[in-house]
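Step one of this worksheet: look at the structure below.
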Amino acid sequence: MPSITHSRYFGGVQVTVFSGAGISAESGVPTFRDAETGLWAQVDPYEISSSHGWRAHPERVWAWYLWRHHMMSAVAPNDAHRAVAAWEDYADVHVVTQNVDNLHERAGSNRVHHVHGSLFEFHCDRCGAGYLDEVPDMPEPVATVEPPRCGCGGLIRPNVVWFGEPLPDDAWQRSVDAVVNADLVVVVGTSSVVYPAAGLPELAVANGTPVIEVNPEPTPLSDSATVTLREKAASALPGLLQRLPVLLG
Ligand code: OAD
């Protein structure tokens with residue numbers, strides 16, 4: 001297998017990127033846990049992002065997700081998303097993302113595994129059928145909007161994982177494979193506190209795979225990562241592959 005540090009074009013090398021909300025922060029999407037601007041500082045996550053909250057107040061949950069859908073549609077990929085997509089010229093790249101935005105895809109990445117689902121897909125909460133109609137645009141947040149109904153009478157919900165729900169089987173299995181088969185795992189913009197997703201970088205560490213963490217703040221992963229870069233994603237990722245010989249020795 002070619003060495004990740006000494007191969008000029010990285011042919012045959014697999015790089016797996018594990019991303020969280022921080023990679024989209026410089027595009028203008030708020031993270032979850034920032035004390036002042038984070039989404040969870042503004043709403044109760046267990047009300048707005050749980051099946052219990054959905055059953056109690058679907059109109060509140062739907063309105064909140066429509067606004068986030070608008071916000072994520074209105075922003076553009078940043079240099080970090082673009083750098084990851086450009087790595088496909090040099091390596092076999094898989095992106096495992098906890099993000100429900102589509103910024104990796106819009107930047108040009110071809111293998112993106114959404115472990116927490118996607119806010120660009122919708123399905124019926126009763127029969128599971130996909131919902132292909134356009135959802136209403138919501139440029140400003142409003143308190144309540146009635147969700148559309150499926151032909152079976154169920155309510156249309158976003159295809160995102162809520163607290164207490166299992167992760168999508170297919171995406172999870174592809175993500176585990178992407179980590180197990182990686183020659184290098186780059187963990188970027190995640191607080192590394194939400195399981196089971198946060199277990200993926202730990203799996204790489206346990207397998208002896210080099211793990212580079214990119215995050216301006218320390219996380220529970222920092223001490224076990226091979227290298228930690230206290231940098232922002234859009235600054236660190238564009239030159240990262242070129243820095244590997246220095247970073248990994
Ligand atoms: P968090 O909000 O928990 O963490 C964001 C991380 O990004 C923090 O560690 C920040 O320090 C870091 N960060 C901020 N700006 C950055 C930048 N410009 N470059 C690099 N890093 C930056 O978001 P996640 O870890 O993604 O789950 O949260 C994990 C899950 O918790 C989410 O997928 C969501 C949430 O509950 C579900 O909705 C199921």
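Side notes on the structure shown:
- Residues in the range 186-202 that are open to solvent by 20 Å² or more (accessible area, probe 1.4 Å) and within 6 Å of the ligand (Cβ to nearest atom): S191, V194.
- Of the numbered criteria (1) free of Cβ contacts under 8 Å to residues at least 24 places away in the same chain; (2) open to solvent by 40 Å² or more (accessible area, probe 1.4 Å); (3) not assigned by TED's automatic domain parsing to the domain that holds T16, the one P148 fails is (2).
- The range 24-38, subset of a type in the set (A, V, I, L, M, F, W, C) and near the ligand (Cβ under 9 Å from one of its atoms), residue surrounded by the most Cβ atoms within 10 Å (Cβ to Cβ): A25
- Residue count for the range 95-137 under the criterion of being over 25 Å from A74 (Cα atoms) and in contact with a Ser or Thr (Cβ under 6 Å, 6 or more places away or on another chain): the result is 0.
- Considering the conditions (1) more than 16 Å from the ligand (Cβ to nearest atom); (2) in a helix (DSSP H, G or I), S235 is excluded by exactly one of them, (1).
- Condition check for V211: away from the ligand (no atom under 12 Å from the Cβ) and open to solvent by less than 10 Å² (accessible area, probe 1.4 Å): yes
- Residues within the range 68-90 that are away from the ligand (no atom under 13 Å from the Cβ) and either open to solvent by 50 Å² or more (accessible area, probe 1.4 Å) or more than 20 Å from the chain's Cα centre (by Cα) (or both), tallied: 6
The values are calculated or read from the model by the stated rules, or taken from the named source; none is laboratory data. Fair warning: this is a prediction, and the values are worked out from it, not measured in the lab. FYI the Cβ positions are ideal-geometry reconstructions off the backbone, even for glycines, and counts take in every protein chain you see. In case anyone asks, the SASA skips ligands and DNA or RNA and just uses the protein heavy atoms, side chains included. Shrake-Rupley method; radii C 1.70, N 1.55, O 1.52, S 1.80 Å.
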